[in-house]
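Chemist: Below: one structure in structure tokens.
The values are calculated or read from the model by the stated rules, or taken from the named source; none is laboratory data. Since the structure is predicted, the reported quantities are computational estimates derived from the model, not experimental observations. Here the Cβ is made from the backbone with ideal geometry for all residues, glycine too, and neighbour counts use every protein chain on show. Heavy atoms of the whole protein, side chains included, go into the accessibility calculation; ligands, DNA and RNA do not. Shrake-Rupley method; radii C 1.70, N 1.55, O 1.52, S 1.80 Å.
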Amino acid sequence: MSGSVVDNTVSSGNSSVAIPTDISGQILDIDEDDDLEVFSKDTTLSDGSSLNASMQTSSASMINQYKFEEEEEDADTKDIFVTVDNPESHVTAIETYITYRVETKTTRSEFDSSEFEVRRRYQDFLWLKGRLEEAHPTLIVHPLPEKFVMKGMVERFNEDFIETRRSALHKFLNKIAEHPIFSSSEDFKIFLTAGSGELTSHKKQGPGFLSRMGETVKAVAAAVRGVRGRPQEFTDMQEYAEAFSQKISSIDKVTQRIVREQKEYLEELKECGPTYALWSQSEEELAEPLKNVAGCVDKCCKETEEQVKHLNDHLIPVLHEYVLCADTLKAVLRRRDNIQADFEVKTEALATKKADRDADSKVLSLAWDSLVGRSPEEVKQQKQQKLKGEIKEMRDELDKVEDRLEWANNALKSDWTRWQKGMRTDLRSAFNDTAERNVSYYEKCLAVWESFLQSQRTDAEGNGNVDFS
Amino acid sequence: MREREMQSRGTDMPTQERKLLLKKMEISVAEAEKRTGKNAVNMQETYTVYLIETRPVDAASEGTNPVPDSLWRRYSEFELLRNYLLVTYPFLVVPPLPEKRAEFVWHKLSADNMDPDFVERRRVGLENFLLRVASHPDLSSDKIFYSFLTEENGWKETVFETGFQAKADSRLKALNATFRVKNPDKRFAEMKHYGDELQSVISQLLRVRARAADRLYGVYKVHGNYGRVFSEWSAIEKEMGDGLQSAGHHMDAYAASVDDILEEEEHYADQLKEYLFYADALRAVCRKHELTQYELEMAAQDLTSKKQQREELATGTIRTFSLKGVTSKLFGQETPEQREAKLKMLETQIEEGEELVKERNAECEEFVKSAWVDIERFKEQKDHDLREALISYAIMQISMCKKGIQVWNNAKECFSKM
């Protein structure tokens, strides 16, 4: 494979797939029973023939699951279940790290068995994410929890941190499993099933460092130049991504602030109960109601503590995920832009070359070649031949890039819609849960104070005092 | 509500019912106004005056509804009245005035005396003070109190004419001096201790409450930011827009609701404050009792020593140390005439001393009797009032919870439509 175009990382075997030149109009319906092959970005076929010719006759099966919109999360049709749990710490001479149990239950035929259990560490998740992003630069990969906690390494092994991370990793894998394209990734399969030795050796495969470097250099060059003719819809997406990023970050910050204020409120409230209790010790008649109030305040404290914990454990992680998602959106759009920039550069280069060919070859070259002892006609012929060859190469290259661009655009558009749906579901559910939890919090506190009133009522009636108006 | 309360409590003491001014007269502090004028050192000052309205109870019940009598008083005049009552009835737990300066304030409330909220709460406190005095079995029949309510001009002069100021000054001096009672009355010592504890614990409670109120305010107000951001976010979303927007409104409502909640809590704080100051009044009674007892002990001690001197002079033995005794030992005894004169003087002093002791003893007994009756009355009132306060606190909390439930249920509905 040449290092110039390819950026997929599918391991040996299932690499060759054909791509129709015009994807935008065609959405192929695939029955779930069909053998779904991973749709790689490899636009060169193993036999090296050009794209157009091999369009209809790919040796490998082809899929094109672009019907993202209809992809509902049906429990009935879900055929793979992934769980991340059971963190364990491992101590070696050089480092300490945590591994998580990853359990897979599936009925998919491409899996050798129906149940798998492996242990994975954070690095492995990072690797998987990297592979998926490389294979599908314009698809939206759900973010991983962050590498380090700001406060310092010591926090890495804090119970809460581990639990938060575990939960995020679980979500990550499930998002992958739900994704029509990602879930059929070979890397994903290996991640779920391979023993640690097998995984390590698999990780070593894939495009070498140099080819990846080559890609990066080109990417930077394209990025620096910038894209010129970006379609409006992608500009719209860009604007949305910017705005969404701002809003979700704000909400994240507001929520964190609420948690902080609640915690400080809790600190003060914790002193109220004991003060009432202290007071009750100096009183006779009032001792009972004061003790009662002390108890009520303490109970409300507990409820407040629970409520804060819920915010911390449920709403904040989700918001955080989507802050990271916003960055992913921007990155995906950037990568799409880079592909388009690359296409534009190559288009220009081809045009320039063609202009060269059509222009008269003039003085300089003739002068030089006469020095070398060749006839002007010969030189001219040689030149024309050379140019013709170059142009053909460039056109082939350009066609590849054009297809790649079209591919990227369509993939992005579909995945964008899919992502938005997912975002809506996730955030709706998170806010809904929070609101519900808050209602429950107030209901519990209400019950506490009503029982106090009740006790005072029965007391009053017992003592003969009246007037509760 | 307070008036009715007081009146109903009055029915617990049927014999004193007739005495209660409140039974005859409706009293209220209806308004507050700012005035400017020249003060004692001829400088311009701004102060607040309060309108006291009174109306005979019968007239109102007859349905004629006459215009109430009214006059204006400022805070310093209330203070004067109270000081007069303190001096004149040292054995009574005199109802306290609302605080002079705003204390235990949480950040949103102003500590400024001119702040309208503070003035309003003070108005209520002053009315409360008058009602308390008017429903007290002893204080309500005081003439100075009555003229405070009814005679705008010349009241100050009337008060000073009673000469209470002199008594006040000497009392104050004595109270501020350190003295030790030989046989402290156990009951009063316990009461004083209780007063100390009550003051300490209510102060603590008020402090903690103020800090918690501050924090709670923060929690609610930050939710207002949700409102703003949700609204902005809804602008870029299609399907989610409506749900977000309306949820945002509810977040704004939630943030706004804390103002009412905390205002209600201020009333509860005021009720606690009243008893904080009552604790002080209670301690004052105990302290005055101590003084009374001390003075009795001093008089008794003095009498004893005089009697002893007489005995020595009469028998010739010197038991008590005196300079005269030493000098006479050194320089010779006195002449019989001198001794005779001395004895006579001592007799007179002893007679006077015995009178004094009798007087002071009676004073003390009277004090103890009256004080203890009032302390019992105070205890009952305190237990009743504070229990009511706790109940109203619970009712406030319930109301706050109900509001919370409503807002978050509404928000939940909006979220589910997102």
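Chemist: Per 0.36 nm of contour for each residue apart, how much would the distance between residue B:45 and residue B:363 grow if the chain were fully extended, relative to their Cα-Cα spacing?
Modeler: Between residue B:45 and residue B:363, full extension yields an extra 110.1 nm.
Chemist: Relative contact order of the range A:74-205, please, whole-number percent, based on alpha carbon pairs below 8 angstrom and at least 6 residues apart.
Modeler: Once normalised by length, the contact order is 25 percent.
Chemist: Here is a further query. At residue B:167 and residue B:79, where each label point lies 7 Å from the Cα along Cα→Cβ, what is the point-to-point distance in nanometres?
Modeler: In this crude label model, residue B:167 to residue B:79 measures out at 2.1 nm.
Chemist: Contact order normalised by length for chain B, with contacts defined as Cα pairs under 8 Å and 6 or more residues apart; what percent is it?
Modeler: The value is 17 percent.
Chemist: Within the range B:338-360, what residues put their amide N at less than 16 Å from the label point 7 Å along the Cα-to-Cβ vector of residue B:307?
Modeler: Answer for this model: B:346-360.
Chemist: Provide the FRET efficiency to the nearest 0.05 for the residue B:156-residue B:399 pair, computing r from the beta carbons and using R0 = 41 Å.
Modeler: 0.40
Chemist: Sticking with the crude label model, points 7 Å out along Cα→Cβ, report the distance from residue A:270 to residue A:126 in nm, one decimal please.
Modeler: 3.6
Chemist: Just add up the charged neighbours of residue B:147: K/R +1, D/E -1, any other residue whose Cβ is under 11 Å from the Cβ of residue B:147.
Modeler: Taking every other residue near residue B:147 into account, the sum is -2.
Chemist: Still on this structure: Hey, got the average number of other protein chain Cβ atoms within 10 angstrom for residues in A:437-449?
Modeler: For this peptide, the per-residue mean of nearby foreign Cβ atoms is 5.
Chemist: Roll a 1.4 angstrom probe over the protein heavy atoms and tell me the percent of accessible area of the range A:74-205 that is carbon or sulfur.
Modeler: 49
Chemist: Once the Cβ-Cβ distance between residue A:447 and residue B:197 is put in as r, and R0 is 35 Å, what FRET efficiency do you end up with, to the nearest 0.05?
Modeler: 0.60
Chemist: Using a 7 Å offset from the Cα along the Cα-to-Cβ direction at both residue A:347 and residue A:287, what is the distance between the two label points in nm, to one decimal?
Modeler: Result for the modelled spin labels: 9.0 nm.
Chemist: Still on this structure: What FRET efficiency, computed as 1/(1 + (r/R0)^6) with R0 = 35 Å and r the Cβ-Cβ distance, is obtained for residue A:170 and residue A:302, rounded to the nearest 0.05?
Modeler: So the FRET efficiency works out to roughly 0.75.
Chemist: At a probe radius of 1.4 Å, figure out the B/A buried accessible area, summed over both chains, and give it in Å² to the nearest 100.
Modeler: 5400
Chemist: So between residue A:81 and residue A:243, what do we pick up on full extension, going 0.36 nm a residue minus the alpha carbon distance?
Modeler: 54.9 nm
Chemist: In addition: Please state, to two decimals, what the Cα-based radius of gyration of the range A:270-319 comes to when divided by 2.2 N^0.38 Å (N = residues).
Modeler: 1.61
Chemist: Compute the label zone of residue A:89 within the range A:104-123: residues whose backbone N is under 19 Å from the point 7 Å along Cα-to-Cβ.
Modeler: Within reach of a label on residue A:89: A:120-123.
Chemist: Now a separate question. Report the local net charge at residue A:281: Lys and Arg +1, Asp and Glu -1, summed over other residues whose C-beta lies under 13 Å from its C-beta.
Modeler: -3
Chemist: Per residue, how much accessible surface does the range A:74-205 expose to a 1.4 Å probe? Answer in Å², no decimals.
Modeler: 49
Chemist: Stick to the Cα atoms of chain B, pair each with every other, and give me the Kirkwood hydrodynamic radius in Å at one decimal.
Modeler: Result for chain B stands at 26.6 Å.
Chemist: Tally Lys and Arg at +1 and Asp and Glu at -1 over the other residues with C-beta under 12 Å from the C-beta of residue B:306: what net charge comes out?
Modeler: -4
Chemist: Something else: At a 1.4 Å probe, what is the % contribution of carbon and sulfur to the accessible area of chain B?
Modeler: Carbon with sulfur: 51 percent of the solvent-accessible area.
Chemist: Average partner chain C-beta neighbours within 10 Å, per residue of A:292-301?
Modeler: 2
Chemist: Given a 1.4 Å probe, how much area per residue of the range B:235-300 is accessible, in Å²?
Modeler: Using a 1.4 Å probe on heavy atoms only, each residue of the range B:235-300 averages 36 Å².
Chemist: Residues of the range B:204-245 with the amide nitrogen closer than 19 Å to a label point 7 Å from the Cα of residue B:417, along Cα-to-Cβ, please.
Modeler: Residues B:227-245 qualify, since their backbone N sits under 19 Å from the label point.
Chemist: Just tell me how shielded B:225-232 is by partners: mean number of partner chain Cβ atoms within 10 Å of each residue's Cβ, no decimals.
Modeler: That average works out to 4.
Chemist: Would you tell me the accessible area of residue A:96, worked out with a 1.4 angstrom probe on the heavy atoms of the protein chains, in Å² to the nearest 10?
Modeler: 50
Chemist: Now for a different question. Just to be sure I understand: if I project the alpha-carbon convex hull of the range A:74-205 onto a plane and average over all orientations, what area do I get in nm²?
Modeler: 9.1
Chemist: Residue B:352 to residue B:143: extension gain in nm, 0.36 nm per residue of separation minus the Cα-Cα distance?
Modeler: 71.8 nm
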